[in-house]
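The values are calculated or read from the model by the stated rules, or taken from the named source; none is laboratory data. Being a predicted model, the structure only gives us computed values, none of them experimental. Because the Cβ atoms are built from the backbone with ideal geometry, glycine has one as well, and the counts that use them run over all protein chains shown.
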Amino acid sequence: MRLKRIKLHGFKSFAHPSEFIFDAPITSIVGPNGSGKSNVVESIRFVLGEQSMKSLRGSAGTDLIFKGSGTSRSMNRASVSITFDNRDRVFALSSVDNAKVSIDFDEIIITREVFSDGKNSYRINGEEVRLKDVMELIASVNIGSSGHHIISQGEADRLLNANTKERREMLEDALGLKVYQYRIRETERKLDKTQENLSESHLLRREIAPHIRFLKRQVDKIEHARQLREQLSEAFAVYYADTGSLNSAQMSYNIQRHQDASTEMLELKQQLESYEQRLQTGAKSETEEKWNVLESKKSALIDEKNQITRSIGRIEGMIESAERTLKRLAQPPLPGVEVLIRVDLKDIELMLGNARAELSDAREVGSVTDMQKAIDNTLKTFQVFITKYKKEEPQKPSAPDTTAFEKELADLQQQYQELSQALGSVLQQENLLMTQQQELDGILAQERGSSRDHEHAMFAITKRFNELQSTIAQLDMRQEALERQQQHLLEEHREAVVLLGADIEQRTSGIDVSDITQLDLGSLEEEMEQSRRSIERMKIKIEEIGGGSGDDVLQEYNETLERDQFLEREITDMENTVASLNEVIQDLKAQLHTEFELGIGKINTEFHNFFTLMFGGGKASLSLVPIRQRRKKSLESDEEGIIEGELEDEGTQAEYGIDIDVKLPRKRVQDLAMLSGGERSLTSIALLFALSQVNPPPFLVLDETDAALDEANSKKYGDMIESLSKVSQLMVVTHNRETMSRAQVLYGVTLGGDDSSQLLSVKFDDAVTYAK
């Protein structure tokens with residue numbers, strides 16, 4: 001790998017595009033003071049990522065841009081490009097952090113631009129990258145923005161003026177161990193970042209821990225509610241199935257009992273109606289019917305007897321009246337006999353009128369036909385007699401004809417006999433009926449005992465009928481209650497669907513309803529009531545906990561728990577990463593320390609050789625000295641102070657710095673502070689060349705490092721750079737003719753008419769002439 005070219009445009013005094021081509025072992029840049037030749041060295045620092053404005057002799061990024069002159073306008077940006085030969089593919093980048101940056105090219109071109117607003121951009125082969133990528137790239141080939149390969153004017157004895165710790169860092173850079181420091185710093189940054197992330201993760205876990213505990217309590221409640229809902233679902237399914245089956249069975253049983261009671265009531269009602277009908281229609285028993293028939297016959301006989309008796313009495317009166325009449329008729333008429341006859345006729349008419357009335361009564365009560373006929377005939381006779389008598393009444397009295405009266409009297413007597421006989425017959429029949437009734441009275445006495453039994457039976461039927469009526473009323477009420485209970489059960493099911501979801505477990509009742517009449521309904525109802533109360537208690541508990549599904553809480557809890565678990569895994573990973581990074585740091589430091597000690601040994605050899613060459617003898621060496629760190633406390637803050645040559649305080653990590661030991665020939669000088677300016681320059685040059693010999697950089701920039709040398713030492717310096725050019729490409733900014741004579745290419749820098757740097761290239765032959 002070698003440096004091929006540098007291009008500048010707008011950087012400091014280089015207003016116009018300028019290009020330096022490095023195709024010789026030693027290239028020298030010369031020019032008068034103020035021409036801008038040192039700006040070339042600073043452009044190399046700039047393009048390699050230097051961030052210190054002090055090292056670039058500026059205070060801000062805009063100070064690096066050409067300001068313009070009377071004849072040239074100012075520029076709004078400055079750019080520097082540096083090109084390296086990469087045919088041997090020595091440049092390297094981390095494939096992890098720079099996966100998009102390709103360096104598989106024969107040339108590596110690094111470009112940096114600064115703009116008028118102070119912002120910077122970096123490119124590698126035209127691909128925009130980070131400063132970190134540039135630093136990693138150049139560190140892979142043992143160069144850096146301000147390493148040992150760039151020694152500017154006034155910094156030749158920087159190694160000598162630095163303290164032990166700074167000197168160690170400079171030597172590590174010179175030995176190519178900067179990459180270790182870079183990796184250590186990167187690892188430490190990663191470690192710091194990881195520890196920061198670890199602290200943040202711990203903090204986040206502490207912050208969400210109370211929320212997780214709160215959500216956990218909520219989830220436990222939800223889980224408890226879920227378990228209760230499952231229990232409630234199962235209990236309600238059993239309750240709903242059993243209660244529904246029991247209710248249906250009870251309704252069926254109730255309906256059956258109602259039908260049975262109604263049927264029995266109908267039968268009892270028919271029996272009662274039969275009894276009542278018998279009572280209302282006078283229905284009697286057969287004996288009673290017989291007794292009543294006899295009583296009716298007896299009553300008829302008594303009526304007939306009474307009629308006959310009355311008829312006999314009347315006929316007796318009629319006979320007696322007729323006999324008197326015949327007796328009077330048999331006597332001669334006396335004065336005033338007509339009046340008497342008329343009187344008798346009135347009596348006869350009266351008697352006949354009474355006879356008619358009695359006969360009419362006899363007809364109404366069913367009297368004997370013969371008697372009626374006789375009486376009728378008698379009445380007809382008397383009526384004829386009376387009619388005849390009335391017709392003959394105006395005539396003169398004559399002897400009455402009594403034949404008719406005698407005949408009528410005989411008829412009356414005959415009728416009297418017949419009526420007497422009829423009366424005797426009626427009396428005989430009456431006695432017979434009374435005898436029969438007396439016999440039936442005994443039978444009726446027995447039957448009346450049976451009738452009382454029948455009355456008791458009727459009372460029992462009535463009582464049973466009333467009981468059945470009450471039972472049916474109770475069954476109707478029970479049926480209504482069962483229907484209400486069924487409706488209430490449906491409402492409970494709808495509530496359960498709302499509370500538990502539509503997919504309530506369907507179950508078959510465990511109750512055997514095949515023989516419902518044998519069931520202990522009271523026990524089952526009590527069991528169902530206990531189940532209902534248990535279900536209500538579970539509902540209350542669910543409502544107290546919160547009857548919702550809690551999906552949002554569960555989702556939040558799961559998400560928060562996943563985040564906590566993620567943080568826990570992250571913490572574990574980061575703790576492992578911290579341990580791994582600490583191990584890497586320790587390994588890098590150990591490797592750095594080992595290679596540094598080996599490098600110090602090699603440097604000491606070359607340093608001693610160059611020192612004796614420059615001074616014609618003497619001794620020079622580097623040594624490791626411990627650095628003890630202690631804290632100095634002030635009123636405002638704690639500051640770290642470094643005390644060289646002392647052991648570290650207990651409990652602090654040991655660090656080592658570099659001390660330089662020199663011994664000039666023919667002088668008792670062993671302290672760097674006692675060296676003259678020239679001696680210090682020679683010592684620093686010897687040390688720089690020794691470093692270059694041990695770990696040759698790809699190129700070395702020397703900016704007037706030979707300014708303090710006399711002619712004799714300039715010759716030695718020229719020999720040394722020629723020797724060094726065999727291992728490193730050299731770019732020398734110098735005024736020293738001896739140094740210029742050792743270069744193969746000279747670049748002259750002058751100020752043009754527009755106050756910008758102008759570039760002049762001089763070949764080797766012309767450079768020799770120019771140098772002389």
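Restricting region 184-212 to residues that are of a type in the set (Lys, Arg) and farther than 30 Å from His593 by Cβ, the residue that is surrounded by the most Cβ atoms within 10 Å (Cβ to Cβ) is Arg205. Restricted to region 745-760, and to residues there that are surrounded by fewer than 22 Cβ atoms within 10 Å (Cβ to Cβ) and in contact with a strand residue (DSSP E or B) (Cβ under 6 Å, 6 or more places away or on another chain), the residue that is nearest to Gly34 (Cα to Cα) is Thr750. Of Gly34, Gly10, all but one fail to be more than 20 Å from Leu700 (Cβ to Cβ), buried (at least 20 other Cβ atoms within 10 Å of the Cβ) and more than 60 Å from the chain's Cα centre (by Cα); the exception is Gly10.
Scanning region 643-674 for residues that are at pLDDT below 50 and loosely packed, with under 15 Cβ neighbours inside 10 Å returns Ile643, Glu644, Gly645, Glu646, Leu647, Asp649, Glu650, Gly651, Thr652. Only residues that are surrounded by 15 or more Cβ atoms within 10 Å (Cβ to Cβ) and within 26 Å of Thr187 (Cα to Cα) were counted in region 594-623, giving 4.
When Gly424, Gly442 are screened for being modelled with pLDDT under 80, of a type in the set (Gly, Ala, Ser) and either assigned to a helix (DSSP H, G or I) or farther than 28 Å from Asn292 by Cα (or both), only Gly442 passes.
Table: residues versus (1) assigned to a loop (DSSP other than H, G, I, E, B); (2) at pLDDT 80 or above; (3) of a type outside the set (D, E, K, R); (4) within 16 Å of Phe236 (Cβ to Cβ).
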position: Thr462; (1), (2), (3), (4): no, yes, yes, no
position: Ala473; (1), (2), (3), (4): no, yes, yes, no
position: His488; (1), (2), (3), (4): no, no, yes, yes
position: Leu499; (1), (2), (3), (4): no, no, yes, yes
position: Gln506; (1), (2), (3), (4): yes, no, yes, yes
position: Ser523; (1), (2), (3), (4): no, no, yes, no
position: Ile535; (1), (2), (3), (4): no, no, yes, yes
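Entry remark, region 1-49: residues being touching a Pro at 6+ places or on another chain (Cβ under 8 Å) and either in a loop (DSSP other than H, G, I, E, B) or farther than 20 Å from Ile109 by Cα (or both) number 2 in total. Ser296 passes every criterion in (1) closer than 30 Å to Leu432 by Cα; (2) at pLDDT below 65; (3) small (Gly, Ala, Ser) apart from (2).
Among residues of region 177-227 being more than 14 Å from Met574 (Cα to Cα), polar (S, T, N, Q) and in contact with a helix residue (DSSP H, G or I) (Cβ under 9 Å, 6 or more places away or on another chain), the one that is modelled with the lowest pLDDT is Gln181. Against the test of being at pLDDT below 85 and out of contact with any Asp or Glu (no Cβ under 8 Å at 6 or more places or on another chain), the options Leu598, Leu613 yield a single qualifying residue, Leu613. Within region 50-72, does at least one residue satisfy the condition of being of a type in the set (Ser, Thr, Tyr), surrounded by fewer than 22 Cβ atoms within 10 Å (Cβ to Cβ) and either assigned to a strand (DSSP E or B) or without any contact (Cβ under 8 Å) to a residue 12 or more places away in the chain (or both)? Yes, region 50-72 contains at least one residue that is of a type in the set (Ser, Thr, Tyr), surrounded by fewer than 22 Cβ atoms within 10 Å (Cβ to Cβ) and either assigned to a strand (DSSP E or B) or without any contact (Cβ under 8 Å) to a residue 12 or more places away in the chain (or both).
A count restricted to region 445-458 and to residues that are at pLDDT 70 or above and among the charged types (D, E, K, R) stands at 0.
Scanning for something over 30 Å from Gln195 (Cα atoms) and either at pLDDT 70 or above or assigned to a helix (DSSP H, G or I) (or both), does region 567-579 turn up at least one residue? Checked region 567-579: no residue is over 30 Å from Gln195 (Cα atoms) and either at pLDDT 70 or above or assigned to a helix (DSSP H, G or I) (or both).
Yes or no, residue by residue, for (1) at pLDDT 80 or above; (2) under 30 Å from Ile461 (Cα atoms); (3) exposed (fewer than 13 other Cβ atoms within 10 Å of the Cβ):
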{"residue": "Gly282", "(1), (2), (3)": "no, yes, yes"}
{"residue": "Ala322", "(1), (2), (3)": "no, no, no"}
{"residue": "Lys327", "(1), (2), (3)": "no, no, yes"}
{"residue": "Pro333", "(1), (2), (3)": "no, no, no"}
{"residue": "Leu350", "(1), (2), (3)": "no, no, yes"}
